[in-house]
1. Residues to consider are Ile116, Ile129, Ile186; find the one that is of a type in the set (Val, Ile, Thr), surrounded by 12 or more Cβ atoms within 10 Å (Cβ to Cβ) and farther than 29 Å from Pro226 by Cα.
2. Just to be sure before I move on: is Leu97 out of contact with any Asp or Glu (no Cβ under 7 Å at 6 or more places or on another chain), surrounded by 20 or more Cβ atoms within 10 Å (Cβ to Cβ) and of a type outside the set (D, E, K, R) in the structure I sent?
3. Out of the residues in segment 220-244 meeting the condition of being among the small types (Gly, Ala, Ser) and assigned to a loop (DSSP other than H, G, I, E, B), tell me which one is farthest from Ser65 (Cα to Cα).
4. Which ones in segment 72-89 are in a strand (DSSP E or B) and modelled with pLDDT of 90 or more?
5. Looking only at segment 36-95, count every residue that is touching a Gly at 6+ places or on another chain (Cβ under 7 Å) and under 22 Å from His232 (Cβ atoms) and tell me the total.
6. Somewhere in segment 128-143, is a residue farther than 30 Å from Pro233 by Cα and in contact (Cβ under 8 Å) with a residue 60 or more places away in the chain?
7. Please specify each residue of segment 245-271 satisfying the condition of being surrounded by 17 or more Cβ atoms within 10 Å (Cβ to Cβ) and assigned to a loop (DSSP other than H, G, I, E, B).
8. Anything in segment 211-227 that is at pLDDT below 95 and over 11 Å from the mean Cα position of the chain (by Cα)? List them, or say none.
Amino acid sequence: MFDWLRRIFGRSDEHKLGRFVQLVDDLNVEAGGGEPIVTEEFLGFLQLRSGTLVLGDPQWMPSPSIEVPNLSASEAAVSARLWCYPSGMQRIVSLKLEFADGPSGAFCRKIGEVGIDSAKLVAADKLDIEEHWTRAGEERVGVISTAPDDTVLRLLTRHFNLKTVRINPVRAELVDPPSEELAHAIENYLKSIPKYSEYPFLYFHVQTNNSFERANFMNKEWDFIPVGNESHPLMFVCGTGRGDGVYDVLCEFSGETPLVLSIKFIKEIEE
């Protein structure tokens, strides 16, 4: 995350970066009900059938940022270092995926970087992503933006006689699933209004709970969830510490065989 933030603040102004990071941490302490404790937890096993693991931001899948080939294991043991808050809220400090025990001659090197813009990371088998990642799910939820105010909500409700429910300060949903005809009519109506015509999808869209949406709107800090519309195969999805950024991916090898992969999401500024 810090490389990304330094591009905003500049490396010569580390104190501004420090204040920003401290603000994020203070907000998390407030939301989490107090200071966190650090724990090391085993999270579960991720099945691997192709011999290649992929990593990336869910919004860019099925094109991953990182591929890790030559895996000899049929599963990865996933563990993490966590900040655990009194409220039960968690933040992942670092992530580890173990494929096999390392010999004494194993060596570690950086194999790339993963860029995150949705505060989520996906890890999965390469074939599972290629064969099961879907851009259309099995639901149809009409979503109306209420940011910065409810102007669009009131406009669409009156024009189309919609029944809606307020989900949170920036989101309202249609009570009934919108038909394709209704969705197109709403989009065309927004396009006819100059203020909303350029980016109508920012004000109304249909959420189908596809692969990206399941990952992006996941409420937990981490989970194993279906890649596609069936119950299996599963992908591992987690939050990325303080959020968006560019993170180094390190891997321990024995020859050409990957043994342990690790990503640190939260580190001290002086590092």
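1. Testing whether each residue is of a type in the set (Val, Ile, Thr), surrounded by 12 or more Cβ atoms within 10 Å (Cβ to Cβ) and farther than 29 Å from Pro226 by Cα leaves just Ile186.
2. Against the criterion (out of contact with any Asp or Glu (no Cβ under 7 Å at 6 or more places or on another chain), surrounded by 20 or more Cβ atoms within 10 Å (Cβ to Cβ) and of a type outside the set (D, E, K, R)), Leu97 qualifies.
3. Ranking the qualifying residues of segment 220-244, first place goes to Ser231.
4. Glu75, Ala76, Ala77, Val78, Ser79, Ala80, Arg81, Leu82, Trp83
5. Final tally of qualifying residues: 3.
6. So far as segment 128-143 goes, no, none of its residues is farther than 30 Å from Pro233 by Cα and in contact (Cβ under 8 Å) with a residue 60 or more places away in the chain.
7. Phe265, Ile266
8. Listed by number, the list is empty, since nothing qualifies.
The values are calculated or read from the model by the stated rules, or taken from the named source; none is laboratory data. Keep in mind it's a predicted model, so treat the numbers as computed, not measured. Ideal geometry is used to build each Cβ from the backbone, glycine not excepted, and the neighbour counts take in all protein chains shown.
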